[in-house]
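Below is one structure, written out as structure tokens, with a few remarks after it.
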Amino acid sequence: MSDASIAVLVGSLRKDSFNRQLAQALTKMAPQGWQFKISRIDDLPLYNQDDDAQQAEPVQRLKAEIAAARGVVFVTPEYNRSIPGVLKNAIDHASRPYGKSAWGGKPAGVIGMSIGAIGTAMAQQHLRNVLAYLNMPTLGQPEAFLHAKEGFFTADGQIGESSRTFVQGWLDAYLAWVERHA
């Protein structure tokens, strides 16, 4: 039997972003039977409703990846107390045209990290509001507002010892959530 797939959307385009590193570390932490795949969103055009009838190839690809996944993990930074525009753009594209959303019913997990002490709490709350509208059952607990600090990542891109147990607990709770809702 093939692995169950989880689509991972990273809300940062920056090559060395903390959230991209977190997403990559999560893919390495996936237990046997699960495969986390980071979905590309940097090549999506800006959403324009005029394009709904003929969505661009990158939009079709994203929608197909979401449709094939059992769940979706959103790894988001916080920009100006909300989610980044590139993430909202991806969400909007995959929800359209009206009535053909790829998101409906997909179990969601929300996680993110920032150099700020409250992590990405505000961005995650805004994202949860959007996901509720999209009919995505979203893991409520544990919340994961991660503080990017020295030692969070090891030299080989793993999550450091002081944070690994917490992140693994979040990941285990999310996968149990997917099992209940997928």
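Here is the figure for segment 9-44: residues that are in a loop (DSSP other than H, G, I, E, B), touching an Asp or Glu at 6+ places or on another chain (Cβ under 7 Å) and under 22 Å from K63 (Cβ atoms) total 2. Here G105 meets each of (1) surrounded by 15 or more Cβ atoms within 10 Å (Cβ to Cβ); (2) under 26 Å from P142 (Cα atoms) with one exception, condition (1).
Condition first: among the β-branched types (V, I, T), at pLDDT below 95, surrounded by fewer than 18 Cβ atoms within 10 Å (Cβ to Cβ) and over 30 Å from D52 (Cα atoms). Can you find one or more residues in segment 161-180 that meet it? No. When residues in segment 1-57 are screened for being aromatic (F, W, Y) and either loosely packed, with under 14 Cβ neighbours inside 10 Å or touching a residue at least 60 places away in the same chain (Cβ under 8 Å) (or both), 2 of them pass.
When residues in segment 1-32 are screened for being more than 20 Å from I83 (Cβ to Cβ) and in contact with a helix residue (DSSP H, G or I) (Cβ under 9 Å, 6 or more places away or on another chain), 6 of them pass. Of the residues in segment 67-86, at least one is in contact (Cβ under 8 Å) with a residue 24 or more places away in the chain and farther than 27 Å from G169 by Cα. Would a scan of segment 30-50 turn up a residue that is under 17 Å from L131 (Cα atoms), within 13 Å of the chain's Cα centre (by Cα) and of a type in the set (A, V, I, L, M)? Looking for residues that are under 17 Å from L131 (Cα atoms), within 13 Å of the chain's Cα centre (by Cα) and of a type in the set (A, V, I, L, M), one finds none in segment 30-50, hence no.
The values are calculated or read from the model by the stated rules, or taken from the named source; none is laboratory data. Only a predicted model underlies this, so the values are computations on that prediction, with no experimental measurement involved. Note that we place each Cβ from the backbone using ideal geometry, even for glycine, and neighbour counts take in every protein chain shown.
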